[in-house]
Ligand code: HAM
């Protein structure tokens, strides 16, 4: 049956609108992958240098992991989770962030027995049913780092520093401002929360609808609401600094001193509280120097209480995550270009069955030597093949026809000069390697494997 008569094809033709990605989801096309690959490479490199080990938690977890971990009064848990019942009647959620799942894994695999702190990094997709808009997606990628098992302000700064190093490697470190705050321990925060509720009580009518709801559930969030009236009130609200304990202040002071030691500029922002409930002490965000609070490129902080909430022993920890799409957007906005490693170097054109057969081995040999090679083996017209070679913008094409096969030769064509010459078939690989140059060969070394 031809496609014309196939009822499924007919139905698909009538079915409108055309199939497309759901709102907030997007394809990563090859051109963007050059950026993604580069960012991942830098992250892996910096992580390895500093002894972080990679971790991947499942995309689906039991909903409770996030309810407990992120906090059920947060926007993420209240409104933004992709939650559904599986066929076994269990409530499952697609991970909206990485930290809660990593704590679950730390407890589940008894990692407290490992030398502490345990240091992880991850590069993963995450899912939030957010309102799609510029820089805000429903599926987005983050890279993140977590240091679990020790509490010291130097570790908070180590986190900030590795983010800074990665931004620097990517040529964007000057485009972000580091905002920091200390929101104290659970204990000192309780008194502050009480003071905040007292302050806002009676002023509810001046708050936006969202903040009215959050007043008793999550009053800290009122401080970083972006609505004009709420911002005016937040300016007048009591400041946490009045409630910070001596230990909190000392911790914060050390963080600042370590940052200064490393030459990292920061802005103290006493309204920065972050959107997740698990933080204590240090919180920080990287803001776009031009657009400010909206669409922070990354953020994190200390979460000393989370492990216990997740059912483990009290275990201090600190970490952060960066949104890769937002980071790439910033790189592009600032004209940062990444090296493209995908350009094809050799196009092999052939005519006739015998030539095609010979080309199969030749293409393989060239690739093994590190030459990025393609051949249009599906095309039989010689003209069509050379047109394709032009489109791929290859510097050289190899041309093999019946005569060349018989003579044991092959043609090398310099595509930019339009000049061509014959070489012996058994010398062509060496000749191509010479033309491309050792430095431009695509050799990779995955490391030696041992088959035990
Ligand atoms: P977060 O601030 O929710 O923190 O997310 C970190 C970064 O992920 C954001 O700064 C942003 O760049 C990116 N991001 C978040 N939501 C979206 C979205 N809808 N579309 C595009 N990008 C987005 C966390 O996720 C914490 N787990 C970070 C952390 C790790 N704290 C401690 N350890």
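The values are calculated or read from the model by the stated rules, or taken from the named source; none is laboratory data. Quick caveat, the model's predicted, so the values are computed rather than measured. Methodologically, a virtual Cβ is constructed for each residue, glycine included, from the backbone with ideal geometry; neighbour enumeration extends over all protein chains shown.
Could you list, in sequence order, the residues of the stretch 130-141 that are modelled with pLDDT of 95 or more and touching a helix residue (DSSP H, G or I) at 6+ places or on another chain (Cβ under 7 Å)?
Of everything in the stretch 130-141, those that are modelled with pLDDT of 95 or more and touching a helix residue (DSSP H, G or I) at 6+ places or on another chain (Cβ under 7 Å) turn out to be 137, 140, 141.
Within the stretch 336-348, can one find any residue that is at pLDDT below 95, within 43 Å of the chain's Cα centre (by Cα) and assigned to a strand (DSSP E or B)?
No, every residue in the stretch 336-348 fails to be at pLDDT below 95, within 43 Å of the chain's Cα centre (by Cα) and assigned to a strand (DSSP E or B).
Starting from residues that are farther than 27 Å from residue 109 by Cβ and touching a helix residue (DSSP H, G or I) at 6+ places or on another chain (Cβ under 8 Å), keep the ones in the stretch 305-332 and report whichever is surrounded by the fewest Cβ atoms within 10 Å (Cβ to Cβ). Quick ask: steps written out before the conclusion?
Residues of the stretch 305-332 farther than 27 Å from residue 109 by Cβ: 323, 325-332.
Next cut, touching a helix residue (DSSP H, G or I) at 6+ places or on another chain (Cβ under 8 Å) only: 327-328, 330-332.
Numbers: 327: 25, 328: 22, 330: 25, 331: 20, 332: 13.
Ranking the candidates gives 332 first.
Of all the residues that make up the stretch 389-413, how many are in a helix (DSSP H, G or I) and over 13 Å from residue 346 (Cβ atoms)? Before you say what the answer is, go through the steps one by one.
Within the stretch 389-413, the subset in a helix (DSSP H, G or I) is 389-391, 402-407.
Among the residues that remain, those that are also over 13 Å from residue 346 (Cβ atoms) are: 390-391, 402-407.
Matching residues across the stretch 389-413 total 8.
Quick one: which residue in 156, 130 is touching a residue at least 60 places away in the same chain (Cβ under 8 Å) and in a loop (DSSP other than H, G, I, E, B)?
Working: 156 fails: in a loop (DSSP other than H, G, I, E, B).
Going through 156, 130 in turn, just one is touching a residue at least 60 places away in the same chain (Cβ under 8 Å) and in a loop (DSSP other than H, G, I, E, B): 130.
Being farther than 21 Å from residue 120 by Cβ and touching a strand residue (DSSP E or B) at 6+ places or on another chain (Cβ under 7 Å) is the filter here, so list the residues in the stretch 56-93 that pass it. Spell out the reasoning first.
Kept after step one, since they are farther than 21 Å from residue 120 by Cβ, are these residues of the stretch 56-93: 63-64, 67, 71-75, 77-92.
Within the stretch 56-93, 63, 81, 82, 83, 84, 85, 86, 90, 91, 92 qualify.
Scan the strands (runs of 3 or more DSSP E) fully inside the stretch 266-326 and keep the ones with 3 or more residues being within 22 Å of residue 157 (Cβ to Cβ), at pLDDT below 90 and assigned by TED's automatic domain parsing to the domain that holds residue 179. Working first, answer last.
Numbers: elements: 282-288, 298-302, 317-323.
Output list is empty.
Output the residues belonging to the stretch 270-295 that are on the phi > 0 side of the Ramachandran plot and either within 11 Å of the ligand (Cβ to nearest atom) or surrounded by fewer than 23 Cβ atoms within 10 Å (Cβ to Cβ) (or both).
As a first pass, look at the stretch 270-295 and keep what is on the phi > 0 side of the Ramachandran plot: 274, 281, 292, 295.
Listed by number, the residues that qualify are 274, 292, 295.
Is it the case that the stretch 408-427 has a residue that's modelled with pLDDT of 95 or more, touching a helix residue (DSSP H, G or I) at 6+ places or on another chain (Cβ under 8 Å) and exposed (fewer than 15 other Cβ atoms within 10 Å of the Cβ)?
Yes, the conditions are met somewhere in the stretch 408-427.
May I ask you to list the residues in the stretch 421-452 that are in a loop (DSSP other than H, G, I, E, B) and under 23 Å from residue 339 (Cβ atoms)?
Looking only at the stretch 421-452, we keep the residues that are in a loop (DSSP other than H, G, I, E, B), and these are 437, 441-452.
Within the stretch 421-452, 437, 441, 442, 443, 444, 445, 446, 447 meet the criteria.
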